[in-house]
Amino acid sequence: MKYIPEKKPIYGESLESLQAYLEQIGQPKFRAKQILDWLYKKRARSWDAMSNLPKPLREQLEIEFEIAPTKRLLAKESADETEKLLLEMGDRSLVETVVIRAPQVGVGQQNSRKTICISTQVGCAYGCKFCASGLAGWKRDLSVGEIVSQLIHVCHLEDATTVRAKEEIASFDNIVVMGMGEPMANYKNLLPALRILNAPWGLNFGARRITISTSGIVPKILELADEPEQFRLAVSLHGATNEVREQIMPINKRYPLEELIPAIRRYGQTKGRMITLEFILIEAINDTFEQAETLIRIALDLNAHVNLIPYNTVPGLDWKRPSITRQDSFYNRLKREGVSATIRREKGHDIAAACGQLKLKTEQKE
Ligand code: SAH
Ligand code: SF4
């Protein structure tokens with residue numbers, strides 16, 4: 001399905017495309033920089049606020065471009081400071097954006113690290129058996145502007161509460177592309193969106209602080225490896241053998257481990273960075289001794305970090321998270337063998353923070 005909005009989202013424009021547009025309407029090129037300054041540095045929320053632009057130009061921009069392509073429907077705050085936003089797009093599609101606050105030990109809330117988790121598609125076509133986003137299938141790709149505006153939406157919310165100067169770029173520390181959808185399946189919009197976040201005229205947000213999570217679309221991992229930016233890569237492994245992975249991730253039939261693992265290695269080698277392997281722990285599926293042993297071999301061989309995530313139950317799906325004792329013994333086995341590993345006692349469980357869950361709940365109620 002394709003959605004063509006009435007007006008183009010301004011957050012989908014780059015410096016070059018905006019310059020080309022201005023030239024075309026007989027305006028000087030330097031106006032592009034002024035407009036982007038208003039949007040990303042001063043965070044103007046209306047064309048009217050852009051006081052150094054001539055009024056006729058502001059009027060023209062108003063007709064041509066959408067400055068508020070997302071509307072907040074719902075914000076849910078959980079006990080652990082995770083905030084989940086349900087955003088409505090122009091065609092009424094619902095998209096989730098999550099703000100995760102991790103307070104630093106001994107430091108006040110003011111200095112806590114903030115990670116923003118963004119979505120790239122409405123729904124997802126990859127149908128992983130455990131995932132809420134995959135349940136209803138794929139609806140459409142988000143546009144460049146819709147991806148960028150999730151961050152801008154958070155910036156606007158944060159600007160209202162933070163003491164930091166707006167010009168000091170974004171008030172968050174990391175961006176993870178781990179919300180709804182498979183980012184690599186929307187590569188054509190993902191990359192320009194990340195470049196806007198990265199650009200000095202945009203959010204000026206470092207590529208090394210942006211993590212892209214993929215279920216393992218091998219050709220796109222290889223393509224991203226050849227891009228100049230140092231984006232971080234996280235791969236949803238969730239099974240250490242084809243047999244187990246195939247049970248829960250249909251994508252494994254298309255790109256089995258013998259293709260995926262070399263692609264991960266290649267990414268790590270070209271970027272000189274450690275890759276993260278995500279491993280959801282699901283009871284009686286992948287939490288066994290044998291899975292841990294095979295995972296250890298893969299992680300050591302790739303010199304990868306393993307992020308263990310106890311499964312977040314999804315209403316309507318039967319998968320369970322293992323007991324804490326079982327989670328710990330899996331984790332300890334990895335550590336004992338020298339694997340760099342963390343266990344994410346997931347944030348926001350009480351507001352359904354795993355991808356696609358808040359949307360699912362809201363739609364079920366409707
Ligand atoms: N499509 C991409 C990114 C979005 S999903 C991917 O699959 O990597 C982000 C992460 O959340 C993935 O690791 C995914 O497997 C995980 N996830 C999905 N449903 C989950 C659930 N119910 N509990 C815990 N993690 C989940
Ligand atoms: Fe899609 Fe990722 Fe969910 Fe799999 S885990 S269905 S790839 S969003």
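The values are calculated or read from the model by the stated rules, or taken from the named source; none is laboratory data. Keep in mind it's a predicted model, so treat the numbers as computed, not measured. A quick note on method: Cβ atoms are made from the backbone with ideal geometry, for glycine too, and the neighbour counts reach across all protein chains shown. All accessible areas refer to the heavy atoms of the entire protein, side chains included, with ligands and DNA or RNA removed. Shrake-Rupley method; radii C 1.70, N 1.55, O 1.52, S 1.80 Å.
How high is the FRET efficiency from residue 33 to residue 75, r the C-beta distance, R0 35 Å, rounded to 0.05?
Plugging the Cβ-Cβ distance into 1/(1 + (r/R0)^6) gives 0.60.
With a 1.4 Å probe and all protein chains left in place, how much of the accessible area of the stretch 8-66 comes from carbon and sulfur atoms, in whole percent?
50 percent
Taking K and R as +1 and D and E as -1, what net charge do the other residues with C-beta under 15 Å from the C-beta of residue 302 add up to?
+1
Which length gain, in nm to one decimal place, applies between residue 20 and residue 253 when the Cα-Cα distance is subtracted from 0.36 nm times their residue separation?
Taking 0.36 nm per residue and subtracting the Cα distance, the gain is 79.5 nm.
Quick one: pull the percent of accessible area on the stretch 70-365 belonging to carbon and sulfur, 1.4 Å probe, ligands and nucleic acids left out.
51 percent
Per residue of the stretch 217-227, in order, report the coupling 6.51 cos²θ - 1.76 cosθ + 1.60 (Karplus, θ = phi - 60°) as ³J(HN,Hα) in whole Hz, putting x for Gly and Pro.
7, 3, x, 6, 4, 5, 5, 5, 4, 8, 6
In the stretch 118-216, which GluC sites (Glu not before Pro) are in a loop and have at most 15 other Cβ atoms within 10 Å, using DSSP for the loop call?
Passing both the DSSP loop test and the Cβ count: 167, 168.
Please work out how much length the chain gains when fully extended from residue 273 to residue 227, using 0.36 nm per residue of separation minus the C-alpha to C-alpha distance, in nm with one decimal.
Gain in length upon complete extension: 15.1 nm.
Not counting ligands, DNA or RNA, and with a 1.4 Å probe, what is residue 201's accessible surface area in Å² rounded to the nearest 10?
Residue 201 has an accessible surface of roughly 30 Å² with all protein chains in place.
Of 114/271; 129/335; 76/220, which sit over 30 Å apart, Cα to Cα?
Cα-Cα > 30 Å for 76/220; rest within.
In whole percent, what relative contact order does the chain give with Cα contacts below 8 Å and a gap of six or more residues?
RCO, the chain: 15 percent.
Please give every one of the aspartates and glutamates within straight-line cross-link reach of residue 33, meaning a C-alpha to C-alpha distance under 16 Å, and leave out same-chain neighbours fewer than 8 residues apart.
13, 16, 23, 167
What's the longest uninterrupted piece of the chain once you rule out the trypsin sites (Lys or Arg not before Pro) that are loop residues per DSSP with at most 10 other Cβ within 10 Å?
Counting only loop sites that pass the neighbour cut-off, the longest clear stretch is 93-366.
If you average the sequence gap of Cα pairs under 8 Å that are 6 or more apart and divide by the length of the stretch 8-66, what percent do you get for the contact order?
Dividing the mean separation by the residue count of the stretch 8-66 yields 35 percent.
Let me check I've understood the local charge: for residue 191, count other residues with C-beta under 13 angstrom from its C-beta, Lys and Arg +1, Asp and Glu -1. What total comes out?
-2
Averaged per residue, what accessible surface does the stretch 162-282 expose to a 1.4 Å probe, in Å²?
Per residue, the stretch 162-282 has 36 Å² of solvent-accessible surface.
Compute the FRET efficiency between residue 320 and residue 288 as 1/(1 + (r/R0)^6), taking r as their Cβ-Cβ distance and R0 = 22 Å, and round to the nearest 0.05.
0.95
Hey, what's the stretch 8-66 come to in accessible area per residue, 1.4 Å probe, Å²?
I get 50 Å² per residue for this part.
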